[in-house]
Amino acid sequence: MTVAEAPEADLLRDPESYARLLEHVREAVLAGMPAPRSPRSVVSASWDRSLAARVDPDDGEAPLVYEPGELTGLREEHPLAAVLPLLRQTLVSIADDAEHMMIVTDADGLILWREGETGVLLRADRVALTEGTRWSEAAAGTNAMGTTLATGEPVQIYSAEHLVRRYHAWTCAAAPVRDPDTGALLGSIDVSGPLRTVHPAMLALVTASAQLAEGQLRARLAIRDEQLRQANMRHLEALRGRPGALLSASGRVLAAESCALPSTVDVRRGGGTVALPDGRIATVDPLPEGYLLRLSSGGRPHRARLALEFLTDGPGSATVDGREVPFTLRHAEILTLLALNPGGMTADRLACQLYGESGNPVTVRAEIHRLRTQLGTSVVQTRPYRLAADVDADFLRCRAALRSGSAAEVVRAFRGPLLPESEAPAIRAEREALTAQVRQVALNSGDADVLWAFWETSCGVDDLAIVDALCAALPPDDPRRAVASAHRVRLA
């Protein structure tokens, strides 16, 4: 787990002064005025998400979703129930001594369990920090539980870093817990308490507890896997040497016979025919627990599905039939150009678009060879170079939306610049053209939500024309207007 930004040293030296400073920062940002300092980036991003969800900074409150008596079934069925004894042993006694309480939520921020010192629990009741309330950012604004679920990272939120005023007397630290089987978020573990009880080790303690919980879940999973293998090995043996495998309920390969398989197979509930990343066809039969996979001896080759997500400030992603594959920037550039030219390209043309007039076709052939090794020869074919797969690329979806979609569809498809680190001439031209078209669509729309969505991208955040249009489109009572106005002041 990577720990998100921790509160600064000023907090530990003088908590009360730091809390007053944070209050001034919050008030200035919400009023659209220059702030004495910028909020932490993790906090600023959370405020933006919370305001976009229409959370009221002055009168918001976590909603009650379930009465205490309605939680019994949810608790019994939730995977974190299995690690609750460990969490009690690790956190509750410490929380009691430090006048804090331990909280465990589900993946939607619903508080399932809350335990700690009685006085703290009574204070928590007064701000709806109780079992059955939802503390996602969209429901309660910036808070450690909601923000850790939104970012997937441990986080500590102190005093007026909470967007909603009623929580300013609290400090909290939370860490996410993931399912070792699927990687999905299961929920969060949180320690909360009054301001005066803030401690520098709180975030590290919660993070370590979440890691211990994941370790115990992993150990329980290993036991279940072994039990499933023992109970179902006879089905695999009944194949008498023919290629096949035992799969868990989530599709993980637990045992294989006479075949090489990826670590996980994408199975549908009820089984059926599946295509493996290399084009092989298999039949998946449900077992009492898990599945039996049988590889077909023949059949028509599967046409792979190549998914490209390259409209982003980050490294992007590429998957083949749901399997994520690593790639270099040069490989991403080649895949983008081949996707934009479905009829195929010669080595000479590809070299020119990648390197300019000095491009060498020999270099391109070497890169294509490495790319085919990475993705499979059934995905990238030669003579001419082309993609022999069903391509789902975000930049193609954005192009399609520009041709026939609404302004909202256009900005929804555009999450950032196309391969921003690329200097390939053809990629740079496509990136600039795509960004300019989306920007113009946003400006022409005059729609506050469309402008906000474009402003949230790196292409729009410091675009003064976009910020001006956003300030004009947002009504005075929309909390987002204060954020945009404050940013405009900084730009000006």
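For residue 406, the requirement of being touching a Gly at 6+ places or on another chain (Cβ under 9 Å), open to solvent by 20 Å² or more (accessible area, probe 1.4 Å) and among the polar types (S, T, N, Q) is not met.
If you take the residues of segment 245-254 that are in contact with a helix residue (DSSP H, G or I) (Cβ under 9 Å, 6 or more places away or on another chain) and either assigned to a loop (DSSP other than H, G, I, E, B) or at pLDDT below 90 (or both), which of them is surrounded by the most Cβ atoms within 10 Å (Cβ to Cβ)? In this case the residue turns out to be 248. Of 266, 278, 285, all but one fail to be in contact (Cβ under 8 Å) with a residue 12 or more places away in the chain and out of contact with any strand residue (DSSP E or B) (no Cβ under 8 Å at 6 or more places or on another chain); the exception is 278.
Given the criteria in contact (Cβ under 8 Å) with a residue 60 or more places away in the chain, under 22 Å from the mean Cα position of the chain (by Cα) and farther than 19 Å from residue 430 by Cβ, does residue 320 qualify? Spell out the reasoning first.
Numbers: in contact (Cβ under 8 Å) with a residue 60 or more places away in the chain: yes; under 22 Å from the mean Cα position of the chain (by Cα): yes; farther than 19 Å from residue 430 by Cβ: yes.
Yes: the conditions hold for residue 320.
Could you give me the residue pairs with C-beta distances under 9 Å whose first residue belongs to segment 76-93 and is outside any helix (DSSP H, G or I), whose second residue is surrounded by 12 or more Cβ atoms within 10 Å (Cβ to Cβ) wherever it lies, and which are 6+ apart or on separate chains? From segment 76-93, the pairs are 78/104; 78/106; 78/112; 78/186; 78/187. The residue of segment 347-381 that is most open to solvent (accessible area, probe 1.4 Å), among those that are in contact (Cβ under 8 Å) with a residue 60 or more places away in the chain and not in a helix (DSSP H, G or I), is 378.
Kindly indicate whether residue 134 is open to solvent by 10 Å² or more (accessible area, probe 1.4 Å) and either over 24 Å from residue 64 (Cα atoms) or modelled with pLDDT of 95 or more (or both). Please lay out each step first, then the result.
Details: open to solvent by 10 Å² or more (accessible area, probe 1.4 Å): yes; either over 24 Å from residue 64 (Cα atoms) or modelled with pLDDT of 95 or more (or both): yes.
Taking the combined requirement at face value, the residue satisfies it.
For residue 269, indicate whether it is open to solvent by 60 Å² or more (accessible area, probe 1.4 Å), out of contact with any Ser or Thr (no Cβ under 7 Å at 6 or more places or on another chain) and either aliphatic (A, V, I, L, M) or farther than 25 Å from residue 390 by Cα (or both). Judged against the criteria, residue 269 is not a match. For segment 141-155, the tally of residues that are open to solvent by less than 10 Å² (accessible area, probe 1.4 Å) and under 14 Å from residue 203 (Cα atoms) stands at 7.
Among the residues of segment 201-244 satisfying the criterion of being more than 12 Å from residue 177 (Cβ to Cβ) and of a type in the set (Lys, Arg), which is most open to solvent (accessible area, probe 1.4 Å)? Among residues in segment 201-244 that are more than 12 Å from residue 177 (Cβ to Cβ) and of a type in the set (Lys, Arg), the one most open to solvent (accessible area, probe 1.4 Å) is 240. Scan segment 164-173 and tell me whether some residue there is within 18 Å of residue 195 (Cβ to Cβ), open to solvent by less than 20 Å² (accessible area, probe 1.4 Å) and small (Gly, Ala, Ser). Among the residues of segment 164-173, at least one is within 18 Å of residue 195 (Cβ to Cβ), open to solvent by less than 20 Å² (accessible area, probe 1.4 Å) and small (Gly, Ala, Ser), which makes the answer yes. Taking (1) farther than 30 Å from residue 144 by Cα; (2) buried (at least 16 other Cβ atoms within 10 Å of the Cβ); (3) under 31 Å from the mean Cα position of the chain (by Cα) in turn, residue 260 satisfies each apart from (2).
Any idea which residue in segment 66-75 is surrounded by the fewest Cβ atoms within 10 Å (Cβ to Cβ), counting only those that are of a type outside the set (Gly, Ala, Ser) and without any contact (Cβ under 8 Å) to a residue 40 or more places away in the chain?
Residues of segment 66-75 that are of a type outside the set (Gly, Ala, Ser), as a first pass: 66-68, 70-72, 74-75.
Narrowing the set further to residues that are without any contact (Cβ under 8 Å) to a residue 40 or more places away in the chain leaves 72, 74-75.
Values: 72: 10, 74: 14, 75: 15.
Here the answer is 72.
Each row is one residue, and each column tells you yes or no for (1) of a type in the set (Val, Ile, Thr); (2) within 30 Å of residue 59 (Cα to Cα); (3) at pLDDT below 95.
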{"site": "144", "(1), (2), (3)": "no, yes, no"}
{"site": "148", "(1), (2), (3)": "yes, yes, no"}
{"site": "162", "(1), (2), (3)": "no, yes, no"}
{"site": "194", "(1), (2), (3)": "no, yes, yes"}
{"site": "201", "(1), (2), (3)": "no, no, yes"}
{"site": "225", "(1), (2), (3)": "no, no, yes"}
{"site": "231", "(1), (2), (3)": "no, no, yes"}
{"site": "234", "(1), (2), (3)": "no, no, yes"}
{"site": "239", "(1), (2), (3)": "no, no, yes"}
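Taken over segment 439-464, the criterion of being over 13 Å from residue 487 (Cβ atoms) and either open to solvent by 40 Å² or more (accessible area, probe 1.4 Å) or over 26 Å from the mean Cα position of the chain (by Cα) (or both) is satisfied by 439, 440, 441, 443, 444, 445, 446, 447, 449, 458.
With respect to (1) more than 25 Å from residue 214 (Cβ to Cβ); (2) surrounded by fewer than 19 Cβ atoms within 10 Å (Cβ to Cβ); (3) at pLDDT 95 or above, the lone exception for residue 81 is condition (1).
If we scan segment 194-201, do we find a residue that is of a type in the set (Ser, Thr, Tyr) and out of contact with any helix residue (DSSP H, G or I) (no Cβ under 7 Å at 6 or more places or on another chain)? Yes: segment 194-201 contains one or more residues that are of a type in the set (Ser, Thr, Tyr) and out of contact with any helix residue (DSSP H, G or I) (no Cβ under 7 Å at 6 or more places or on another chain).
The number of residues in segment 31-65 that are part of a helix (DSSP H, G or I) and either out of contact with any Pro (no Cβ under 6 Å at 6 or more places or on another chain) or surrounded by fewer than 15 Cβ atoms within 10 Å (Cβ to Cβ) (or both) comes to 12.
Contact annotation: residue pairs with Cβ atoms under 7 Å, 6 or more positions apart or on different chains, pairing a residue in segment 297-313 that is assigned to a loop (DSSP other than H, G, I, E, B) with a partner that is open to solvent by 90 Å² or more (accessible area, probe 1.4 Å) and modelled with pLDDT of 80 or more, are 312/415. Residue 127 meets each of the listed conditions (1) more than 27 Å from the chain's Cα centre (by Cα); (2) in a helix (DSSP H, G or I) apart from (2).
In segment 477-492, the count of residues that are farther than 23 Å from residue 34 by Cβ, without any contact (Cβ under 8 Å) to a residue 60 or more places away in the chain and of a type outside the set (Ser, Thr, Tyr) is zero. Here residue 182 clears all of (1) at pLDDT 90 or above; (2) of a type in the set (S, T, N, Q); (3) out of contact with any Leu (no Cβ under 6 Å at 6 or more places or on another chain); (4) surrounded by fewer than 18 Cβ atoms within 10 Å (Cβ to Cβ) except the condition numbered (1).
The values are calculated or read from the model by the stated rules, or taken from the named source; none is laboratory data. On a predicted model such as this, the values are computed, not experimentally measured, just so you know. Cβ coordinates were reconstructed from backbone atoms using ideal geometry, including for glycine residues, and neighbour counts include every protein chain displayed. Ligands, DNA and RNA are stripped out before the accessible areas are found, and what is left, the full protein with its side chains, is counted by its heavy atoms. Shrake-Rupley method; radii C 1.70, N 1.55, O 1.52, S 1.80 Å.
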